[in-house]
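Working notes for the structure below.
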Amino acid sequence: MSALRDGWWWAVGTLTVLPTGRFDTSPAAARVMIMVAPFAVLPLALLAGAATLAGRVLGAPDLIVGLLVVGLLVAGTRAMHVDGLADVADGFGGGWTPERARELLKRGDIGPMALVALVVSLGLQVVAVGELVREPRGWLLVIGTVVLSRWAFALCCRQDVPAMPGSDLGHALAGRLPTALAMVCVVGIVGGCALLGWYAGESAWRGAQIGLAALVVVLWLINRSKRVFGGVNGDVMGASIELAMTTMLIGWAL
């Protein structure tokens, strides 16, 4: 029971701005943390969905609603995921050796690659949410996307993915998830997107394709991080969530 409690508080404290008490970061708690990640962000997802629905009911301009929803999601996560995406982009763009790449990753400033990555990613999210405002059940797609995208980083934590040298969060989470549990998360993303697409009036097959597309993007990120950085850390995990969410939103908006 202590591992369940610690894993839950770990997920809430890491993935949202909600305050938590002290918790243990044991391997058992790490596995719980990864598996309950989508449920830990459910309050934030419901808030984003409510804002989307309110924008539709009030007839607010689509892009304004998109900006407000994306801003709410960034604020609700302490901007940790977008910060991770920015750091990873800088490391990818300027690191000609693993050591240099990790040095750029850990710097606090934002380079040109990070700026482009943030503008493109957040811009696509804003436009996509703006498109979903027009859909009768677009609010539901926003909720489902926020929830399901949090399982993307489970792929960063599977047994065959090493932790980045010098990363505390990487060593705490990377390699902790058995293959069977990682597959549960994969099936959860694809199956969840299929169910979400069917319930929202889209086809289940289209929803499954959107989930698969998000998984492909995340796997690319992980494989490149292994080559460039020598493993994954908290920034890579945050970037995986951000890229998965962006991919899903684009898919629903098309």
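The values are calculated or read from the model by the stated rules, or taken from the named source; none is laboratory data. Fair warning: this is a prediction, and the values are worked out from it, not measured in the lab. Methodologically, a virtual Cβ is constructed for each residue, glycine included, from the backbone with ideal geometry; neighbour enumeration extends over all protein chains shown. Heads up: the accessible areas ignore ligands, DNA and RNA and are worked out on the full protein's heavy atoms, side chains in. Shrake-Rupley method; radii C 1.70, N 1.55, O 1.52, S 1.80 Å.
Observations on the structure shown:
- Of all complete DSSP H helices in the chain, those with a Cα span along the helix axis of 18 Å or greater and a mean Kyte-Doolittle hydropathy of 0.5 or more are 42-58, 62-76, 112-133, 179-199, 204-228, 234-253.
- A 1.4 Å probe run over the protein chains yields, for the chain, 44 Å² of accessible area per residue, whole-number rounding.
- Percentage relative contact order, the chain, counting C-alpha pairs under 8 Å, at least six apart: 23 percent
- Projected label points at TRP205 and LEU47, each 7 Å from Cα along the beta carbon direction, are separated by 3.9 nanometres.
- Considering helices alone, the calculated mean residue ellipticity of the chain at 222 nm is -24000 deg cm²/dmol, with DSSP H runs of length four and up weighted by -39500 (n - 2.57) and normalised per residue.
- Cβ-defined net charge surrounding ALA154, 12 Å radius [Lys, Arg +1; Asp, Glu -1]: +4
- The relative contact order of segment 155-204 comes to 29 percent, based on Cα pairs under 8 Å that sit 6 or more residues apart.
- Three-way shape label, segment 101-239, alpha-carbon gyration tensor, a/c 1.5: oblate
- Stokes-Einstein D (µm²/s) once Rh is taken as the Kirkwood radius of segment 77-149 over alpha-carbon pairs, at 4 °C in 1.567 mPa s: 94 µm²/s
- Given the choices [x] 50, 46, 36; [y] 58, 43, 34; [z] 64, 41, 32, Cα extents along the principal axes in Å derived from the coordinates of this structure is entry [x].
- Shape of segment 197-245, Cα gyration tensor, a/c cut at 1.5: prolate
- Computed across segment 119-187, the Kirkwood radius stands at 14.2 Å (inverse of mean 1/r, all Cα pairs).
- Fluctuation leader among GLU202, GLU131, GLU242 - the chain, Gaussian network, Cα springs under 10 angstrom: GLU202
- Peptides 55-64, 72-81 ranked from most to least packed, by the mean per-residue count of other Cβ atoms within 10 Å: 72-81, 55-64.
- Which of ALA3, ILE34, LEU63, positive extreme of dipole for segment 1-141 (C-beta unit charges): ALA3
- Top of PHE92, PHE23, PHE153 by mean-square fluctuation, Gaussian network on the chain, Cα under 10 Å: PHE23
- Carbon/sulfur fraction of accessible area - segment 66-225, other protein chains in place, 1.4 Å, %: 69 percent
- Label-to-label distance for GLU99 and ASP160 is 3.0 nm, based on points extended 7 Å past Cα in the beta-carbon direction.
- Fully extending the segment from THR20 to ARG107, taken as 0.36 nm per residue of separation minus the present Cα-Cα distance, adds 28.6 nm.
- Stokes-Einstein D for segment 16-99, Kirkwood Rh over Cα pairs, 10 °C, 1.306 mPa s (µm²/s): 101 µm²/s
- Over segment 159-222, volume per residue of the alpha carbon convex hull, in Å³: 85 Å³
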